[in-house]
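To keep things clear, I will list the structure first and then write my remarks on it.
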Amino acid sequence: MRRTLSPAAIVFALLVLATIAAFAWSQRLKRDPLVLDRVSFVAVPRLHPDAPPVRAFTPNRDCRYDRIRIRFRTTRSDRGDVQVVKPGGKVTLTLARDAFLKRYTFNTFYWDGRTRDDGVAPPGRYKLRVKLLGQGRTLVPGGVMRLHRSARNPRGACRR
């Protein structure tokens with residue numbers, strides 16, 4: 001008596017093999033080192049050195065948290081684009097185009113809340129996006145930059 005495999009048994013066997021392959025691939029990815037690490041967003045200038053860093057900024061030109069410092073490190077040298085994007089992925093501003101990002105070196109950029117067309121970005125949350133051109137990868141690390149709108153304080157004029 002000869003038995004044949006049912007189509008359901010074949011599909012089940014293929015699903016088991018695909019699950020095992022996906023598990024092996026995810027374990028391999030977990031062992032790969034991070035390409036983008038030590039990402040931080042801090043409003044500048046820091047008014048009190050002993051106070052904890054401020055994570056939100058208000059670009060109203062009163063010299064109090066008008067810019068945000070974006071700092072990160074790459075673990076592989078590459079050329080890349082550094083962009084500020086809305087959480088949906090729409091580009092707000094390109095901070096650097098085709099910049100050389102040296103491995104294990106901190107890269108620092110500043111954003112003053114302006115957009116590509118030199119307007120002021122609306123209040124909200126923004127993300128960092130780094131496109132590594134040589135590797136063909138786009139990296140969006142965790143964390144957000146919070147842009148708040150506030151009225152200009154006439155007493156807080158810049159002291160230069």
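Taken together, the values in this text are just the output of simple stated rules run on the coordinates, not laboratory data. The shown structure was predicted, so the numbers you read here are calculated from the model rather than taken from an experiment. Please note: Cβ atoms are built from the backbone with ideal geometry, for glycine as well, and neighbour counts cover all protein chains shown.
Partner lysines whose Cα lies under 16 Å from the Cα of Lys131, excluding those fewer than 8 positions away in the same chain, are identified as Lys86, Lys90, Lys102.
Sorting 112-119, 140-147, 75-82 by their mean Cβ neighbour count within 10 Å, with the most densely packed peptide first, gives 75-82, 140-147, 112-119. Which angle from 0 to 90°, rounded to the nearest 10, does the C-alpha axis of helix 7-31 make with the longest principal axis of the chain? Approximately 40 degrees, to the nearest ten. For the chain, averaging the sequence separation of C-alpha pairs within contact (under 8 Å, six or more residues apart) and dividing by the residue count gives a relative contact order of 22 percent. Taking amide H positions as modeled 1.01 Å from N, with prolines and chain starts lacking one, the residues under 5 Å from Ala96 and 5 or more places away or on another chain are Val82.
For every helix of n ≥ 4 consecutive DSSP H residues, a contribution of -39,500 (n - 2.57) applies; sum these over the chain, divide by its total residues, and give [θ] at 222 nm rounded to the nearest 500 deg cm²/dmol. Using -39500 (n - 2.57) per qualifying helix, the result is -5500 deg cm²/dmol. Name all residues of region 20-45 having a backbone nitrogen under 15 Å from the label point set 7 Å from the Cα of Thr75 along its Cα→Cβ direction, giving them as ranges. Within reach of a label on Thr75, which here means backbone N under 15 Å from a point 7 Å along Cα→Cβ, region 20-45 contributes 27-39. The structure shown yields Rg and Dmax of the Cα atoms in Å, and of the options [x] 23.1, 96; [y] 16.5, 51; [z] 16.3, 55 that calculated value carries the label [x]. To check you understand DSSP bridge types, tell me what percent of the beta bridges within region 34-155 (both residues inside) are antiparallel, rounded to 5. Bridges in region 34-155 that DSSP calls antiparallel: roughly 90 percent. Taking amide hydrogens as placed 1.01 Å from N in the peptide plane, the amide H of Leu139 sits under 5 Å from those of Val130, Lys131, Leu132, each at least 5 positions away in sequence or on another chain. Here the Gaussian network model covers the chain, with springs between Cα atoms less than 10 Å apart; of Ala99, Ala22, Ala43, Ala22 fluctuates the most.
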